[in-house]
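The values are calculated or read from the model by the stated rules, or taken from the named source; none is laboratory data. Keep in mind that what you see is a predicted model, and the values were worked out from it rather than measured. For neighbour counting, all protein chains shown are included, and Cβ atoms are generated from backbone atoms with ideal geometry for every residue, glycine included. Side chains are part of the model used for accessible areas, which takes the heavy atoms of the whole protein and leaves out ligands, DNA and RNA. Shrake-Rupley method; radii C 1.70, N 1.55, O 1.52, S 1.80 Å.
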Amino acid sequence: MRVLIIEDEIRLAANIAAALRQGAGVAVDCSHNGREGLALTEAEHYDLLLLDLMLPALDGLSIVRRVRARGDRTPILVLTARDERSQVVTLLNAGADDYLTKPFDLGELIARVKALIRRGKGAADSLLTVGRLSMNAVEQTVRCGGQLIDLSPTEYRILEYLMFRPRAIVSKRELLEHLYDYTWEHHSNVIEAHVSNLRKRLRTAGEEATVETVRGRGYRLEAPEPKL
Amino acid sequence: MRSLTRRLIVGVLLAELSCAAGFAVVAIVHEMHVRRRAFDIMLRGRADSLLGAVQDADDPEANVTVDRSELVLPAEDIYEVLSPTGRVLGESENGDARALRGLAASQKAGYFEIRVGRVHYRVLRTQGVRVIDRLENGGTRRPVVLIYGAPMRHLFREVVEAARFYVLTSVLLLAVTGAVLAWLLGRWLSPLRELALSASRVSVSSWEFAPTENALRTRELNPIILSMRQLLAGLREAFERQRRFTGDAAHELKTSVTLLKSSLQLLTMGRRNAEEYEAGLGDLTIDIQRMEELTERMLALARIEEEGEKPAEVVDLGMTVRSLAERLKPLAGAKQVTIGVIADGACLVSVQASDAEILSSNLLMNAVQHSPAGAEVRVSLTAQDGMAEMRVVDQGDGIPESALPHIFERFYRTDASRSRQSGGTGLGLAICKAIVERSRGTIAVESATGRGTWIIVRLPTVV
């Protein structure tokens, strides 16, 4: 998952980015200017937009309006220093999904970010299951029939992304775009290596579900129907 | 409490009362006169009746006498009929008639007043001629003197009656006037009440001051409405400015607190090694310093604005600028910026020493911060026509024209992200402006995009 933070307070943006990387296991890009931030959203790599309300060049409300006008349905979480009711109502009506009033709690911010991403992917519960495979997005753990599978952070993120869309083909490019931020140097064979490791770990755990490679098109999480 | 309505009513009633009193006195005097004339006519009438009762006495001397059998006169009246020689031909049965004796000789014809015991009489002395035995050789003419008096009680009573009527009418009129006036004033003063009501509706949450049509059309209220409008407009502006400042200050402080909180929470999110903790604490210290600076500046601004105009000290601005430039040189050097000072000799201005320090340091720091590496910041100080002029010139990017009118506003930043990177609070220039204006000076800015910015401060010099 990849999140874009648009916040002009550079140190705060850096703090949030660090917290999200560590606490939510997501890739994070930062922008310190409204106009630049809006330009970044156009690529639609992001699974969540996190914006400050007061921004130089273009304020948060205008960004929300423009993103929604484009038909982009990426979840938006707004940080506001002013808890004026009318402003919040305007924001939500303009298409923002949630807001947090400064000063906020980083733990709460992480929880909200996770919940919004999950909802954005169409899952209401933090527990995802595909076949015998179950994933707890809060604890960031994966179990196979109750038994814990030990995954590296990147493997976990690949599996998480695929589990939100079971049986759908996800291209390597999409995985790259959604799992890595601009600070990473990404090469497509990095993904291949991680997917290969993931497969191995699932197999070792005795999991029937596996990540299939669809030649030339991408990956797919395939699981046999659970036996009744 | 004093009431205008009550005063007006009392004033009108007093005027009316004095009018009524004057009128009553005149009316009573006139009434008295009229009544007295009527009384006199009545007296003459009764005397004539008495003359009619003078009859032939049927005695050998062919005398006359008063035949009272046909006479109908009030019993209280007194009269006397005398012969020209003074012989009493007849008199009333009223005991007071005795008082008339002797009057015939002393009094001339006409009216006069006498007092018998406690009774006042008005008396008429007149002469009449009675012709008797008209059938015999033309009759005999018998002149008589009539003295007729009637008590004046009735006259007094009538006048008192009339006076009472006037007084009662006046009192009634006063009461009616008072009531009508109270009612009318109540109606006429309604615009005043409406104005008070519309004024009472004004509050900090609703500045709308809408006097009613009635109040607007009242000429006497127009100056009040006008001054109220001006007062409200001024108050509103001051209040809005204050509210904006409070809002902005809260925003800045919240942002600082948010930053501190997130830094702390991030530091405690997982196990860290000593170096990480050290780096985190270093960042926190910087954040706290920034917050400290922000608080200090807000307090400085509040202090300067609150103190108002105060008898200031005399400060040598030249010395302040020179020593400041010396102190800032290492800091400017770190940015590869040089500071050039053109300020020879003393330049005495009337500012508090601490304020002069803050003013010059804010301007110089700003200039240094906005200067690219290798640039020069120039400060010049001249004195002319009782004004000291300090120019601080940088070779930075300049300020966009649209931002120029706002740069002295609190928390205004031409580019928030850049200022935040450089650690600005957005209060420096606002503080400068407050200091300069407090000393009756001016501060102005000129800027050319890409070439630099000129800040020009003018302060009255002390001779």
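The mean number of Cβ atoms from other chains found within 10 Å of a Cβ in peptide A:10-17 is 6, as a whole number. Specify the angular offset, from 0 to 90 degrees and rounded to the nearest 10, of the alpha carbon long axis of helix B:190-200 from the longest principal axis of the alpha carbons in chain B. Once rounded, the angle reads 20 degrees. Pairs from the list B:K254/B:K335; A:K114/B:K254; A:K102/B:K329; B:K261/B:K329; A:K121/A:K200 with a Cα-Cα gap above 28 Å: B:K254/B:K335; A:K102/B:K329; B:K261/B:K329. For the stretch A:89-130, a drop of 20 Å² or more in accessible area on going from the chain alone to the assembled protein chains (1.4 Å probe) is found at A:K102, A:P103, A:F104, A:D105, A:L106.
Backbone amide hydrogens, once placed in the peptide plane, bring A:A27 within less than 5 Å of A:R2, A:V3, excluding anything fewer than 5 places away on its chain. Using a probe radius of 1.4 angstrom, the carbon and sulfur fraction of the accessible surface of the stretch B:209-328 is 58%.
For the stretch A:1-52, the gyration tensor built on C-alpha atoms gives an oblate shape. Its axis ratio a/c (a ≥ b ≥ c) is at least 1.5, and a/b is not larger than b/c. Volume per residue for chain A equals 127 cubic angstrom (convex hull of Cα atoms).
Axis angle, to the nearest 10 degrees, between helix A:188-204 and the longest C-alpha principal axis of chain A: 50 degrees. Excluding ligands, DNA and RNA, the accessible surface per residue across the stretch B:153-235 is 69 Å² with a 1.4 Å probe. Set the Förster radius R0 to 60 Å, insert the Cβ-Cβ distance between B:L14 and B:R241 as r into 1/(1 + (r/R0)^6), and round the FRET efficiency to 0.05. Calculated value: 0.70.
For the protein assembly as shown, the Kirkwood radius over C-alpha pairs fed into Stokes-Einstein at 4 °C and 1.567 mPa s yields D = 35 µm² per second. Taking the accessible area of chain A, probe 1.4 Å, and keeping the other protein chains in place, the carbon and sulfur fraction comes to 48%. Based on a Kirkwood Rh over C-alpha pairs, give the Stokes-Einstein translational diffusion coefficient of the stretch B:183-290 at 20 °C and viscosity 1.002 mPa s in µm²/s. Translational D for this selection: 114 µm²/s. Rounded to the nearest 10 degrees, what's the angle between the helix B:153-188 long axis and the longest principal axis of chain B, both from Cα atoms, 0 to 90? That works out to roughly 20 degrees. Rounded to 0.05, the FRET efficiency of the B:I286 and A:R217 pair, given R0 = 56 Å and the Cβ-Cβ distance, is 0.65. Sparse packing (at most 16 other Cβ atoms within 10 Å of the Cβ) combined with a DSSP loop state is found for the following trypsin sites (Lys or Arg not before Pro) in the stretch A:127-171: A:R167. Cα-based radius of gyration for the stretch B:3-46, normalised by 2.2 N^0.38 Å, reads 2.02.
Mind giving me the FRET efficiency for B:R118 and B:D48? R0 is 51 Å, r the Cβ-Cβ distance, nearest 0.05 is fine.
For R0 = 51 Å, the calculated efficiency reads 0.95.
Summing charges over all other residues whose Cβ lies under 13 Å from the Cβ of A:E108, with Lys and Arg as +1 and Asp and Glu as -1, gives +2.
Sorting A:34-43, B:360-369, B:194-203 by their mean Cβ neighbour count within 10 Å, with the most densely packed peptide first, gives B:360-369, A:34-43, B:194-203.
The calculated Kirkwood hydrodynamic radius for the stretch B:79-196 is 19.3 Å, given to one decimal from all distinct C-alpha pairs.
Convex hull of alpha carbon positions in the stretch B:238-388: directionally averaged projected area 12.7 nm². How much of the accessible area of the stretch B:81-164, probe 1.4 Å, is carbon plus sulfur, in whole percent? C and S fraction of accessible area: 47 percent. Counting other C-beta atoms within 10 Å, and keeping those with at most 15, which DSSP coil trypsin sites (Lys or Arg not before Pro) do you find in the stretch B:1-96? Passing sites in the stretch B:1-96 are B:R2, B:R68, B:R87.
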